[in-house]
Amino acid sequence: MLLYACTIFMSAFLLFLVQPIIAKQILPWFGGSAAVWTTCLVFFQVALLAGYAYTDFCTRQIKPRTQVIVHVLLLLVSLGVLPILADLSWKPLGNEDPGLRILGLLIATIGLPYLLLATTGPLVQAWYSRSFPQGTVYRLFALSNLASMLSLISYPFLFETWIPTASQARWWSVGYGLFALLCMTSAISSLRSSKSATLAVTDSAAPLADAPAPRRRDLLLWLALSAMGSWLLLAITNHITQNIASIPFLWLAPLTLYLLTFIVCFESDGWYKRGLILGPLAITLGFCAWGLQTEYRLDIRIAISLYLAGLFLCCMFFHGELAKMRPAPRYLTQFYLMVSLGGALGGIFVGLIAPRLFSSYAELGLGIVVTALLAAITLRELPIQVCLTSIALAGVYGYFWNNQLSQQSEDARVMMRNFYGTLSTKDTTPEIAHDAVRRLTHGVIIHGEQYLSESRRGELTTYYGPDSGVGIAIQMADPVNRKVGVIGLGAGTLAAWGQPGDTYRFYDINPQVIEIADSEFTFLRESKATIETVLGDARLSLEREAPQNFDVLVVDAFSSDSIPVHLITDQAMEVYLRHLKPGGSLVFHVSNRFLRIAPVVKTIADHHGLFSTEVRDGAEATDFSPTDWVLVTRDQTLLQHEALAGKGLPIVDIPGLTLWTDDFSSLYQILK
């Protein structure tokens, strides 16, 4: 029992630890988007399905001795792909489908080890039930989910904080080698134990062996319940990271709660009580549906708590009902296969189909509707009032969902969605008003706006006024034939600073941003400067380009809450300096609700012997937005320029903050 338990615990711990490890490796290659994590989750669920299908086939179609030989050989082959470091050839060029490229990268990098880890839980449980027919095999399932949850909790506070990314991958690979040894030992041990167990089976085990096979209705309910758990996991993760706050810690919180419900529901039948869950579930989902209304902007702490509570209660219902319906151990692998198939289908819909089907994050509202209907179907044997109440709730949720979509489509001039999120443009009313504007938003973050009045279309707006850090940097540059590089296009507002002879070169990873800036705003086409746009991740593009000799290089990619860390590392600074004139300046937009980014920039600047200062523009008595910028330069005399007089502030260090590199960064250290 101890050997099987250790094998399952080790496999589950590594199975979920590799998820943030590999996601953090490839995050810089795809613009730091939160969608990287969602795409990775789709891969993990599909790989889990493949592992469970392999286990089901082996246990039902292959003799035990052949099972062990095949599995041991696969484990030995999988050791040949270690360590799990993504090959640089997978870096995107900018014109690929990022979702498909991520899936291909994951298959090549961790495909076989992940597949074998995914098989371990059900396969070792099958070995255990064959060796010990009277054992409590489903407690091993709860143990595996406990190990998974511990690995997710430990990552941001232990592994990410203290171990560089490449070292994380290498140490994980060492752990995988230990797991392979444990798994091979368990496999061989199961052959010996099963022989003696065959002779020792008592009559009390006979009812389990003769238990009826699952009905078609059971299979469909297993599939539906597990699919909706996965659906809401990804939909709520998307909602809180795209529309509320894209804090990377929140990537793991929903998955941790999802796993916790598996642990609670499968550890013992006493934890899940329908009567205690249904009332809070209906009330919480009602508030979740209400919170989806665009006119309601909940406080971030309330919103995150609400949707995480909704996910927990929904998954308690889904997984509690699954636990009640679990079959006898002889049908164990079939049960896990259907559960994993449902998880994969739910993940594929939200992660791959919904971004192409919807122009907004409509899958969460739809998921609430389906959850209510599924509750009515599953609980139809309860009093009719419960079923009618569930169906009525489904109608209410459907109204909220449709109302949300209609409001968004009516208010928005343009609404687009792709791998990088949802973009929309809206006009304030009335349009003839002197201060009416057209605004570009990405989730809840404003990425620029322009006055609608023809006489004001060329005016600077939002974060880019003359007293902002970037405005001061442009004024300090040589006024003749300035060359300005900008990482992050938005609406293209900075092009309004352009003068004849100037060149403004914009870098953006999202093709839809470039499309909207060209079609919905006039900053680019009406600028007096020469405008150039480059599609693709800015750092990868700059690494491939010859030196651009920028007078000013603007890094405007940190105002949202999911920051692209790879643009603010020691190696990134080396790339920027290669493209900067000796007397030029780097300008980092560090306005952020949750993170103190300025000290990170100062630490990197100090490491390179550069000079830095912070510029805070309160924008009092103006139409501009308050902003924080950090100016970095090789030339200390630039910081005494008259345009900066009295506006530069010293940057307060964070005790213990270490130099961020491509191999090490920790957002935990810079939380406000």
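A few notes on this one:
- Full extension of the chain segment joining Arg593 with Arg301 gains 103.9 nm, where the gain is 0.36 nm per residue of separation less the Cα-Cα distance.
- Among 415-427, 363-375, the peptide with the highest mean count of other Cβ atoms within 10 Å heads the list, and the full ranking is 363-375, 415-427.
- Here r is the Cβ-Cβ distance between Ile153 and Leu357 and R0 is 30 Å; the resulting FRET efficiency, rounded to 0.05, is 0.35.
- At an R0 of 56 angstrom, the distance between the Cβ atoms of Leu639 and Trp290 translates into a FRET efficiency of 0.65.
- Fully extending the segment from Val414 to Ala213 would add 67.1 nm, taking 0.36 nm per residue of separation and subtracting the current Cα-Cα distance.
- Set of the range 584-609 residues, backbone N closer than 14 Å to the point 7 Å along the Cα-Cβ line of Lys647: 587-588
- Three semi-axes of the equivalent ellipsoid, the range 504-630, Cα gyration tensor, whole Å, largest first: 23, 21, 15
- Residue-span extension gain [Val77 to Glu96] - 0.36 nm each, minus C-alpha spacing: 3.7 nm
- Ranked by how many other beta carbons lie within 10 Å on average, peptides 75-85, 647-657 from highest: 75-85, 647-657
- Each Lys or Arg adds one and each Asp or Glu takes one away; over the other residues whose Cβ falls under 11 Å from the Cβ of Lys647, this sums to -3.
- Derived from the Cα gyration tensor, the three semi-axes of the equivalent ellipsoid of the range 1-199 are 32, 17, 14 Å, largest first.
- The modelled label-to-label distance between Trp271 and Glu454, using points 7 Å beyond Cα along the C-beta direction, is 6.7 nm.
- In this structure, the residue pairs whose Cα-Cα separation is over 31 Å, taken from Lys24/Lys528; Lys91/Lys647; Lys426/Lys647; Lys91/Lys483; Lys24/Lys273, are Lys24/Lys528; Lys91/Lys647; Lys426/Lys647; Lys24/Lys273.
- Backbone HN-Hα couplings from phi across the range 36-43 [Karplus 6.51/-1.76/1.60, Hz, Gly and Pro as x]: 4, 5, 4, 5, 4, 4, 4, 4
- Shown is the FRET efficiency for Leu88 and Trp162, computed with R0 = 30 Å from the Cβ-Cβ distance and rounded to the nearest 0.05: 0.70.
- Dimensions in Å of the range 561-609 - Rg and Dmax from alpha carbons: 11.3, 33
- Computed Kirkwood radius, in angstrom, where 1/r is averaged over Cα pairs of the range 459-670: 17.2
Taken together, the values in this text are just the output of simple stated rules run on the coordinates, not laboratory data. Note that the structure is predicted; figures quoted are calculated from it, not measured. Every residue, glycine as well, gets a Cβ built from its backbone with ideal geometry; the counts of neighbours run over all protein chains shown.
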